[in-house]
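Worksheet: one structure, shown below.
The values are calculated or read from the model by the stated rules, or taken from the named source; none is laboratory data. Predicted model only: the values in this text are computed from it and were never measured. Positions of Cβ are generated from backbone atoms using ideal geometry, with glycine treated the same way; all protein chains shown enter the neighbour counts. To get the accessible areas, we keep the full protein, side chains included, count just its heavy atoms, and leave off ligands, DNA and RNA. Shrake-Rupley method; radii C 1.70, N 1.55, O 1.52, S 1.80 Å.
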Number of protein chains: 2
Amino acid sequence: MIDFKALFKISYGLYIVSSGDKNHGNGFIANTVFQVTSKPPKFAVCCNKNNYTAEIIKNTRAFSVSILQQEATPEIYGTFGYKSGRDVNKMEGLNLKYGETGVPIVLNDTISYFECKVVETVDLGTHLMFIGELIQSEVIDDTKEPLTYDYFRKVKKGAAPKNAPTYIDKSNLEEQTESKNRYQHQCTICKYIYNDAVEPIPFSELPDNWVCPTCGAAKSEFIKI
Amino acid sequence: MIDFKALFKISYGLYIVSSGDKNHGNGFIANTVFQVTSKPPKFAVCCNKNNYTAEIIKNTRAFSVSILQQEATPEIYGTFGYKSGRDVNKMEGLNLKYGETGVPIVLNDTISYFECKVVETVDLGTHLMFIGELIQSEVIDDTKEPLTYDYFRKVKKGAAPKNAPTYIDKSNLEEQTESKNRYQHQCTICKYIYNDAVEPIPFSELPDNWVCPTCGAAKSEFIKI
């Protein structure tokens, strides 16, 4: 028997993985970033094959990882977590630098970053795992705590997007019994659910300028479910 | 330029990865455990090639992962983190169950566990990455927080053993300037350093029954460095 709740206890951080170059850069929010060897230092990142950044990393053969701080803004994780670089230029207006390989490095809400050259690509079925050798790393702001996936779920009430390796189909969880005459509203952008049964204010009474706590979408982007 | 401090901001948990069978089981403390796909759920674990458990996983083609709770005892992470199953039977006296593949699953200090069948092995140089498909998972104790590597380093003052993917050679860090007439003592078992300059009591004044906070070794196992 598989209890998906058992898997929620695995610890992850949240990162922006970027690739491309000055003219055409893109990135996405990843939680599966980890060091796999120390001599030489190598890192792995997992990326859904449909993800636009996967395509770019395959061509560029390099990527950067920005380690996000705990209080990262919804704009940052909304843009990088729930939008596609096929539709918008995610890098526009951001504080960027360019790595030794030319890849963009996002500095907004970033504690530290590192840059890797891809040395191997592993096909995992739905996802690709890029394994990169470290070529540079730098601390940007040591005063902040890193954003963890646990904090994002519990405090920010965020959910993994469909392309994430840790995406959980809600129908797999046995729960949701109470909500009788209260409603649930779902963000059509990021799928975040606002549940009247557990929130202090019903959705209908939220101010019009309220935004999705996960992706920053307007209240009007929500539908009753 | 590489600043190794930048890499300390990556988030990891701490886990016991076990393999083998009822007669001959072994496990080690891993921090690189992560989900890599959701359909089907697949997980990756990294393991140094010299690690005895790597040998056993290669033969058994299955492993279990016990997610440790924050207040795991030094006996547990001392045994699994800093001793070799070639020298001791790590499973002796523990609260175990056996998975569908027959692998042992450590339940001591465990929040939840999962069991995987190996579907791929990636050679990373010094380490092997085992990719396993989920076959079962269970929550054991939902009231506890998971132990993170950050907590282990900051609160428990633990260090990654030499075989870990995240091992940092201290000579790579520019630090340690103050300790003038104070001493440092190092645990010969796990390499933990007790530094008089930052501790409230000098090492020499610690009681004889004091044990290494990282691996539980006796005070007599420390040497002045």
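Would you please name the GluC sites (Glu not before Pro) within the stretch A:10-83 that are DSSP coil residues with at most 16 other C-beta atoms within 10 Å of their C-beta?
Counting only loop positions with at most 16 other Cβ atoms within 10 Å, the GluC sites (Glu not before Pro) in the stretch A:10-83 are A:Glu71.
Give the dimensionless ratio obtained when the Cα radius of gyration of the protein assembly as shown is divided by 2.2 N^0.38 Å.
1.01
Counting every Cα pair in chain A, what percent are over 31 Å apart?
23
Suppose we flag trypsin sites (Lys or Arg not before Pro) only when DSSP calls them loop and at most 14 other Cβ atoms lie within 10 Å. Which is the longest uninterrupted stretch of chain B?
Counting only loop sites that pass the neighbour cut-off, the longest clear stretch is B:87-161.
Relative to the other copies, what are the label-point distances for B:Met1, with labels 7 Å from Cα along the C-beta vector, expressed in nm at one decimal and sorted shortest first?
From this label point to the equivalent ones elsewhere in the assembly: 5.6 nm.
If R0 is 56 Å, what FRET efficiency do you get for A:Glu199 and A:Met1 from their C-beta distance, rounded to 0.05?
Efficiency, from the Cβ-Cβ distance: 0.95.
In the stretch B:1-23, what residues drop by 50 Å² or more in accessible surface going from the chain by itself to the full protein assembly, probe 1.4 Å?
Listed by number, the residues meeting the 50 Å² cut-off are B:Met1, B:Ile2, B:Ala6, B:Leu7, B:Lys9, B:Ile10, B:Ser11.
If you average 1/r across every pair of different Cα atoms in the stretch B:114-169 and take the reciprocal, what Kirkwood value do you get, in Å?
For the stretch B:114-169, inverting the mean 1/r across all distinct Cα pairs yields 14.3 Å.
Out of every Cα-Cα pair in the stretch A:1-74, what percent are more than 14 Å apart?
Percent of Cα pairs beyond 14 Å in the stretch A:1-74: 67.
Compute for chains B and A the buried accessible surface, both sides summed, probe 1.4 Å, and express it in Å² to the nearest 100.
Rounded to the nearest hundred, the buried surface is 4300 Å².
Using the 7 Å Cα-to-Cβ label point, sort the distances from A:Gly93 to its equivalents in the other copies shortest first and give them in nm to one decimal.
Counterpart label points of A:Gly93 in the remaining copies fall at 6.2 nm.
Do you know the relative contact order of chain A, to the nearest whole percent, from alpha carbon pairs under 8 angstrom that are 6+ apart?
21
For the pairs B:Lys162/B:Lys224; A:Lys49/B:Lys49; A:Lys144/B:Lys154, note any where the Cα-Cα span goes beyond 18 Å.
As for pairs spanning more than 18 Å Cα to Cα, those are B:Lys162/B:Lys224; A:Lys49/B:Lys49.
Using a probe of 1.4 angstrom, how much of the accessible area of the stretch B:1-155 is carbon and sulfur, in percent?
46
Please work out whether the stretch A:29-144 counts as rounded, prolate or oblate from its C-alpha gyration tensor, where a ≥ b ≥ c are the square roots of the eigenvalues and a/c under 1.5 means rounded, while otherwise a/b larger than b/c means prolate and anything else oblate?
oblate
Nothing charged except the Cβ atoms of Lys and Arg (+1) and of Asp and Glu (-1): what's the magnitude of the dipole of the stretch A:71-118 about its Cα centre? Round to the nearest 20 debye.
Magnitude of the dipole: close to 200 debye.
Using alpha-carbon pairs under 8 Å, 6+ residues apart, how would you state the relative contact order of the stretch A:80-208 in percent?
Computed over the stretch A:80-208, the figure is 15 percent.
Got the B:Gln70 label distances to the other copies yet, label 7 Å along Cα→Cβ, in nm, shortest first?
Result, one decimal in nm: 1.2.
So how much accessible area does B:Met1 have, in Å² to the nearest 10, using a 1.4 Å probe?
150
Report the extension gain between A:Ala218 and A:Thr188 in nm, rounded to one decimal, defined as 0.36 nm multiplied by the number of residues separating them, less their alpha carbon distance.
Additional length available on full extension: 9.8 nm.
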